[in-house]
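Data first, discussion second: the structure below is written as structure tokens.
The values are calculated or read from the model by the stated rules, or taken from the named source; none is laboratory data. Keep in mind that what you see is a predicted model, and the values were worked out from it rather than measured. Cβ sites come from the backbone with ideal geometry, for glycine too, and all protein chains shown count toward neighbours. The accessibility values were calculated without ligands, DNA or RNA, using every heavy atom of the protein model including side chains. Shrake-Rupley method; radii C 1.70, N 1.55, O 1.52, S 1.80 Å.
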Amino acid sequence: MDKKIVLTGDRPTGKLHIGHYVGSLRNRVRMQNEGNYNMFVMIADLQALTDNAKNPEKVRKSILQIALDYLGVGLDPEKTTIYIQSQIPALSELDMYFMNLVTVSRLERNPTVKSEIQQKNFDRSIPAGFLTYPVSQTADIAAFKASLIPVGDDQEPMMEQAREIVRTFNTTYGDVLVEPEGVFPPKGQGRIPGIDGNAKMSKSLGNTIYLSDDEDTLREKIMSIYTDPDHIHVEDPGKIEGNVVFTYLDIFGKDLNKIQEMKDEYRHGGLGDVKIKNYLFDVINEELTPIRNRRAEYAKDPAAVYDMLEKGSEKANIVANKTLQEVKDAMGINYFKK
Ligand code: TRP
């Protein structure tokens, strides 16, 4: 039987953080290492440009950073095709054909796009490319006939929209494309709050822990984490709910008994914030150290990383071009085909 095709990607607008890690990177590495999937991972620079058109340098610089994050967490170019979106022309061509299969009002209803538009204060000046990026994302997926898409919970509306477009294509022109579904993180681990207690960890909010943070930075950030503002003295009873240290321990911790004991003691009073933070540091640092070290090793030779991306892009082009031909055949726009 053919292996199922797994595909996902990230916008290169900065380094990846532990939110990306628990949201999607962990799932990718697991799926890669299970060996039962044909894996594609893309650095989505076209999508990054939809709201960074005036700042292409930021996108350009971030490509290497994202590639290093990928290699750091254990994506292996021998097993996973890693490539750059803009280097696959078929994606843009498919995007043009798909654009006619969706309405503007449907795009405006996409909840993720809607909240991003608010967050970015576009007001009435929404770049057309931004509003339509779910169509481009559908092309990313459909070009590889991917059926499984490891993404964070916020991407469910994209999957929904991709399925709709694929379905419309297939009923209109013939059964060529594959309907994708998201592979989401375990319940309760999909969204990791920022170190400041904000519900979302995001670069623009300045509340992230990067995969590449060195030990000192990591310690500093963990010591600044939002806990329970009413837990002033060690002996005061403390709250677990909304306490980011415990949220992170629930996500990264392995010694569940110890964590339960700490929660009980904290709730009761007598356990200080510094103690729980020191423990959290040990837990997260243990997980990030091998990632950080591997990343630093690859960072010594950026040319080799670009070489890997170029080879990955060549492989990706072969697959995407084949689908594009099938799409054009189905649509009858293969005028010169002999
Ligand atoms: N929108 C995704 C994000 O912001 C990135 C992305 C682009 C993507 N193309 C994709 C994810 C295709 C999955 C499949 O994280």
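Could you please find all residues in the range 1-24 being out of contact with any Phe, Trp or Tyr (no Cβ under 6 Å at 6 or more places or on another chain), at pLDDT 95 or above and of a type in the set (A, V, I, L, M, F, W, C)?
Across the range 1-24, the qualifying residues are Leu16, Ile18.
Give me a count of the residues in the range 311-338 that are under 17 Å from Leu177 (Cα atoms) and in contact with a strand residue (DSSP E or B) (Cβ under 7 Å, 6 or more places away or on another chain).
Residues in the range 311-338 being under 17 Å from Leu177 (Cα atoms) and in contact with a strand residue (DSSP E or B) (Cβ under 7 Å, 6 or more places away or on another chain): 1 in total.
Evaluate the following for Thr323: is it modelled with pLDDT of 95 or more, in a helix (DSSP H, G or I) and in the same structural domain as Asn170 (by TED's automatic domain parsing)? Even if it seems obvious, please write down each step before you answer.
On the way: modelled with pLDDT of 95 or more: yes; in a helix (DSSP H, G or I): yes; in the same structural domain as Asn170 (by TED's automatic domain parsing): yes.
Here the answer is yes, as Thr323 does meet what is asked.
Does Ser125 meet the test of being out of contact with any helix residue (DSSP H, G or I) (no Cβ under 7 Å at 6 or more places or on another chain) and either modelled with pLDDT under 95 or hydrophobic (A, V, I, L, M, F, W, C) (or both)?
So Ser125 fits the description; yes.
Report yes if Val166 is out of contact with any Lys or Arg (no Cβ under 8 Å at 6 or more places or on another chain), crowded, with 19+ Cβ neighbours inside 10 Å and closer than 26 Å to Ile43 by Cα, otherwise no.
So Val166 fits the description; yes.
Considering each of Leu75, Leu46 in turn, give the residue that is at pLDDT 95 or above and open to solvent by less than 30 Å² (accessible area, probe 1.4 Å).
None of the others qualify; the one that does is Leu75.
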